[in-house]
Ligand code: HDE
């Protein structure tokens, strides 16, 4: 509200001039009002006939308030309902004009605003963040040539090759229709029944059963455009492209028991992590990497570039890092920005075009259609989060909630009576579709080149480290053990036999079923870029360390450790038996962030027990905290009598990898921080028999 209006509102005198039309009717002024701007005298009691009498229909303030509340919800997204958003910027490192005319990819001096929405796919809007699932990674670029949406996932392939199968896939993985069980989980009959009858899904199944499907954070996962897109340059030449987002923090994941527990302890684990990182200016960053393939070479590739169940191995076609995305602003309002953001794979800008991938083609229809269901109007594009930041000039008009029809008499084209709205050709920045040659007979058919459903599943499995393979085996053991139908389990084993002999043997053993034999294409070899564990872990940045304390702790020791953690760009929380402060030895006080009754080790990346915290030796929660961190392969540090505490918690295991002890925090910190950088210490033994 402007100063004059505020003063007028205060005095109760109407302002001389009308309220400027541009001012949105958001909360402003001191007094609570109705939607019509009438001040409300009592927001606690309805208007009623007598103190104990019935409410009166006349109470327009009450009826308006309840009416508005009754209509607060819009339909959640059919898939990807659970999500979190952030604003940011994108900048390309060098001009890609050789490949594309898209301005945001050719001008290294341009900073393009973006909005990113991360999501899980399966669960409903209130489901837990850490479910085993693919993650959505949708980016809206507000470019100078209009909006470009890159609506990707954190897994580079998809379950199906043709969009016509999508409704069945989604029905199968969602909760079963008769009892709406289970929520946000694929561990049930319907999903595995569908999958066992859909061999093309085997590659993606390997990814969803791997640790990629339980990321540690949105900040530590990759993103992929999945389909092959086209980049088109000023000469009209097309280069095929696969889009990748590479997180600068490296890739890290949870372990399954941790993810499982977090679903109950902190359903908002990923949402909170993203929010806190941005709020504390630890901005999540990703590099855009492109795999580029000249259109003329597509035929020679050992896979069909139109098949979304296939990757292009990075060893074959390198992913070139071309730009950087920085997420630097939390939304002001979840509903207005995150919930109302509307992505569409057909939001393309000049220089970026679709391909004939049948999944891509189907998505081109689905996204606009689904927005009509969510918003009830085509005017969702007028919502601030969806508006382009470049000029919009259209004769589209009216419909529910339209507020910016073009002014004047003329609303059609061509016209001679009003302002002209010229169309633009390619030279003037108009979107021109790439003239891809198309021929063929109309038929419901699938290309033979889409036919190999197992080789890349084998490639993925063979490229994993021992530990990663074990996790895939365990995930399949878990999921399939929840399947009631023996026939479905048996059919799944038949597919696994075509992926890897050891995989099928170990899964079958846990199901108590014989392992069938198959014909895995072991000659496919490996692609090291597919193994999360083999990729570099750049720093301790963004990790959260728990420091366990009690009365009598050495305050200087705590200060030294916190300083070392901060220097490594990580964060720490002091955890004690109670909130407030603990009395440190020597009379100082140490402030407490969390307690053993309101937090657990699964919420932290590492744990440290400083000198003087020995009193925790008899605290069962503190002992459990450290044991569980040990079980999840996390770094553990201690100094002074903190070491005695470790021995009480872990016995002889305190000599194992990733457990660091020393005399003082200052001398122990360097090795402890190194252990935090490494994140999980997989070579640690004795994790199975830790009682946690
Ligand atoms: Fe989506 N998908 N999808 N999808 N998808 C939706 O659109 C659809 C696919 C992806 O944060 C819906 O606005 C079809 C692949 C993301 O708002 C819907 C097919 C990939 C998001 C839809 C696919 C995705 C969606 C539901 C098969 C990875 C969330 C709500 C042909 C490249 C975007 C909505 C956000 C959302 C349809 C397959 C990614 C129903 C028909 C492959 C990240 O339109």
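How would the chain be classified by its alpha-carbon gyration tensor: rounded, prolate or oblate, with rounded meaning a/c under 1.5 and the a/b versus b/c comparison settling the rest?
The shape class here is oblate.
Here the gap between residue 30 and residue 413, fully extended at 0.36 nm per residue and compared with their Cα-Cα distance, gives a gain of 133.1 nm.
Sorting 203-212, 394-403, 319-328 by average packing, meaning the other beta carbons within 10 Å per residue, from highest down gives 203-212, 319-328, 394-403. In this simple spin-label approximation, residue 398 and residue 521 carry label points 7 Å from Cα along the Cα→Cβ vector, and these lie 5.6 nm apart.
When both segment 651-677 and segment 432-459 are represented by their alpha-carbon centers, they are found 54 Å apart. Debye calculation, C-alpha points only, no solvent: report log10 I(q)/I(0) for segment 581-622 at q = 0.19 Å⁻¹, in the same order as the q values. Debye curve over Cα of segment 581-622, log10 I(q)/I(0) at q = 0.19 Å⁻¹: -0.71. The value given for segment 39-157 is a Kirkwood hydrodynamic radius of 18.8 Å, derived from the mean inverse Cα-Cα separation. State whether segment 535-668 is rounded, prolate or oblate according to the following rule on the C-alpha gyration tensor (a ≥ b ≥ c being the square roots of its eigenvalues): a/c under 1.5 gives rounded; otherwise a/b larger than b/c gives prolate, and the remaining case gives oblate. Cα axes put segment 535-668 in the rounded bin. Report note on the peptides 484-497, 595-608: ranked by the mean count of other C-beta atoms within 10 Å, highest first, their order is 595-608, 484-497. Roughly what would the spin-label model give for residue 94 and residue 405, points 7 Å off Cα along C-beta, in nm? It works out to 5.2 nm between the two label points. If you average the C-alpha positions of segment 377-429 and of segment 132-152 separately, how far apart do those two centres end up, in angstrom? Distance between centres, Cα-based: 23 Å. Taking every alpha-carbon pair in segment 258-379 and binning the separations at 10 Å intervals from zero gives 10, 23, 31, 29, 7, 0 percent. Is the C-alpha gyration tensor of segment 614-692 telling us rounded, prolate or oblate? Criteria: a/c under 1.5 is rounded; beyond that, a/b larger than b/c is prolate, otherwise oblate. Oblate, since a/c reaches 1.5 and b/c is not below a/b. Placing R0 at 51 angstrom, the Cβ-Cβ distance between residue 364 and residue 40 gives a FRET efficiency of 0.60 after rounding to 0.05. Specify the inter-centroid distance of segment 207-250 and segment 46-72, based on alpha-carbon positions, in whole Å. Result: 52 Å between the Cα centres.
Go ahead and estimate [θ] at 222 nm for the chain from helices alone: -39,500 (n - 2.57) per DSSP H run with n ≥ 4, summed, over the residue count, rounded to 500. Could you put the intermediate results ahead of the total?
Numbers: 16 runs with 177 residues, N = 692.
Calculated at 222 nm, the ellipticity per residue is -8000 deg cm²/dmol.
Only the coordinates and a few stated rules stand behind these numbers; no lab work does. The shown structure was predicted, so the numbers you read here are calculated from the model rather than taken from an experiment. Don't worry about glycine lacking a Cβ; one is built from the backbone with ideal geometry, like all the others, and counts go over all protein chains shown.
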